[in-house]
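Report on one structure; see the data block that follows.
The values are calculated or read from the model by the stated rules, or taken from the named source; none is laboratory data. Just so it is clear, the model here is predicted, and its values are computed rather than measured. Quick reminder, even Gly has a Cβ in these numbers, built from the backbone with ideal geometry, and neighbours come from all protein chains shown.
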Amino acid sequence: MLTGELWPAHPHTYQGECLSSWIVRTAHHNGLKIQTFSDLSFGKHNQIWNRDIDKLAPSFVLQTMSNRAAISLKEINKTTLKLYINRLFPALKPSGIMRWINPLVLHHRKHTGFGMQFCPLCLLEDSEPYFRIAWRLSLYTFCPIHQVMMEDRCSCGASVNFHRIELGKANQFAPSTLDECYQCGLRLGGVEPKVIQLLPKSVYTIWNRVLGVITRGFVNSGPINYERLILLHQICKIIVSPRFNQKIIKYICDKSDLPVRDFGINRYFEQFDVNERHYILQLAWWLVGNTNKKLKESIRKNAMQNNYLYRDSRDKMLHYLLKQNF
Ligand SMILES: [Zn+2]
Ligand SMILES: [Zn+2]
């Protein structure tokens with residue numbers, strides 16, 4: 001560790017913080033705008049904000065942060081989506097939609113998608129508001145700490161772009177905090193929280209446990225069942241497919257008392273907004289649960305076809321799992 005190269009201010013990461021949030025805070029703690037800080041630290045020719053750095057952080061960014069904040073690379077890797085390799089997906093893909101990751105949809109340096117979610121109560125309680133890596137996950141639709149829905153946009157409709165909050169504020173002395181909406185300036189912590197009504201109970205128990213484990217960054221929290229989550233994702237894909245979902249949605253809703261909803265055009269599960277994903281996951285968790293009982297029953301009753309479970313998936317683990325059970 002080159003201590004001589006430490007930044008004057010080098011704040012440590014908060015519990016579960018994502019890399020982009022930490023870099024922006026470090027810039028502000030040093031009294032610099034994010035662009036100036038990035039040019040000075042990573043080089044003018046290395047533009048880092050035109051990509052999803054929490055997903056694909058270049059190694060020179062990780063190494064620089066490690067050297068100049070005196071934090072080990074191992075700790076820094078936990079601020080990126082690498083944390084979920086072999087826990088939620090087998091590897092990170094450089095492009096395209098990835099299983100369980102909300103896309104940011106970058107246009108130049110702006111996030112035009114709604115890939116970074118937030119819990120208004122977590123932001124409100126933070127002594128210094130920061131964004132968590134777990135908030136990028138598409139199955140993280142409610143906050144297990146506060147039992148409220150996650151939000152994926154400000155009340156003005158803007159997505160989270162905390163790396164852009166200082167743009168156009170040349171003369172501002174004190175930097176904004178990260179919970180400020182870049183478009184309207186209101187605090188995201190001020191968004192009215194929506195308490196979740198999570199029924200049926202069986203769905204709630206298992207889902208809440210998985211999100212709890214993810215929130216703790218897998219530390220002292222027991223394992224999560226990787227295979228069940230692959231199956232859960234496959235069911236989510238079937239539920240959002242107009243071609244394959246006709247019978248299964250009605251079947252689940254009849255049995256579980258959940259309302260029937262229509263999804264319109266065909267999209268990836270990860271491209272739905274947080275409220276839609278929450279509904280889809282409720283149905284999928286109901287069917288998947290802890291055992292294969294309900295899923296087998298749905299196949300027996302012809303609400304689902306066995307071969308749908310294999311559809312479009314090259315995941316070896318899924319094929320193995322299905323071969324054993326169906
Ligand atoms: Zn919360
Ligand atoms: Zn706003």
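Below, the figures for the structure above:
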item: Boolean, Q271 is surrounded by fewer than 20 Cβ atoms within 10 Å (Cβ to Cβ) and either within 16 Å of ligand 1 (Cβ to nearest atom) or at pLDDT 90 or above (or both); result: yes
item: Members of region 88-108 found to be buried (at least 16 other Cβ atoms within 10 Å of the Cβ) and either of a type in the set (V, I, T) or touching a residue at least 60 places away in the same chain (Cβ under 8 Å) (or both), listed by number; result: L88, M98, R99, W100, I101, N102, P103
item: Residue in region 138-166 that is surrounded by the fewest Cβ atoms within 10 Å (Cβ to Cβ), counting only those that are away from ligand 1 (no atom under 14 Å from the Cβ) and of a type in the set (A, V, I, L, M, F, W, C); result: C156
item: Filter result for the condition that a residue is farther than 30 Å from V195 by Cβ and either aliphatic (A, V, I, L, M) or in contact with a Leu (Cβ under 9 Å, 6 or more places away or on another chain) (or both), over L83, L73, L121, L88; result: L73
item: Tally of residues being farther than 27 Å from G113 by Cβ and either in the same structural domain as Q117 (by TED's automatic domain parsing) or hydrophobic (A, V, I, L, M, F, W, C) (or both) across region 261-290; result: 2
item: Residue match in region 50-60 (condition: at positive phi, surrounded by fewer than 17 Cβ atoms within 10 Å (Cβ to Cβ) and not basic (K, R)); result: no
item: Hits in region 124-137 - residues which are surrounded by 20 or more Cβ atoms within 10 Å (Cβ to Cβ) and either within 9 Å of ligand 1 (Cβ to nearest atom) or among the basic types (K, R) (or both); result: R132, R136
item: Hits in region 184-209 - residues which are of a type outside the set (S, T, N, Q), within 16 Å of ligand 1 (Cβ to nearest atom), under 15 Å from Y279 (Cα atoms) and not in a loop (DSSP other than H, G, I, E, B); result: V195, W207
item: Evaluation of D262 against (1) surrounded by fewer than 20 Cβ atoms within 10 Å (Cβ to Cβ); (2) acidic (D, E); (3) touching a strand residue (DSSP E or B) at 6+ places or on another chain (Cβ under 6 Å) (one fails), failing number; result: (3)
item: Checklist (1) closer than 19 Å to Q282 by Cα; (2) touching a Cys at 6+ places or on another chain (Cβ under 7 Å); (3) within 16 Å of ligand 2 (Cβ to nearest atom) applied to Q117, failing item; result: (2)
item: Region 90-114 - residue that is more than 21 Å from A284 (Cα to Cα) and part of a strand (DSSP E or B) and, of those, nearest to ligand 1 (Cβ to nearest atom); result: H111
item: Flag if L178 is assigned to a loop (DSSP other than H, G, I, E, B), under 30 Å from Q234 (Cβ atoms) and touching a residue at least 40 places away in the same chain (Cβ under 8 Å); result: no
item: Residue list for region 228-256, filter: loosely packed, with under 13 Cβ neighbours inside 10 Å and part of a helix (DSSP H, G or I); result: Q246, K250, D254
item: Set R136, R132, R164, R99: member being in the same structural domain as C184 (by TED's automatic domain parsing) and modelled with pLDDT under 95; result: R164
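For every residue, the table says whether it meets (1) out of contact with any helix residue (DSSP H, G or I) (no Cβ under 9 Å at 6 or more places or on another chain); (2) aliphatic (A, V, I, L, M); (3) under 22 Å from R99 (Cβ atoms).
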| site | (1), (2), (3) |
| --- | --- |
| R243 | yes, no, yes |
| Q246 | yes, no, no |
| K250 | yes, no, no |
| C253 | no, no, no |
| R261 | no, no, no |
| V274 | yes, yes, yes |
| H278 | yes, no, yes |
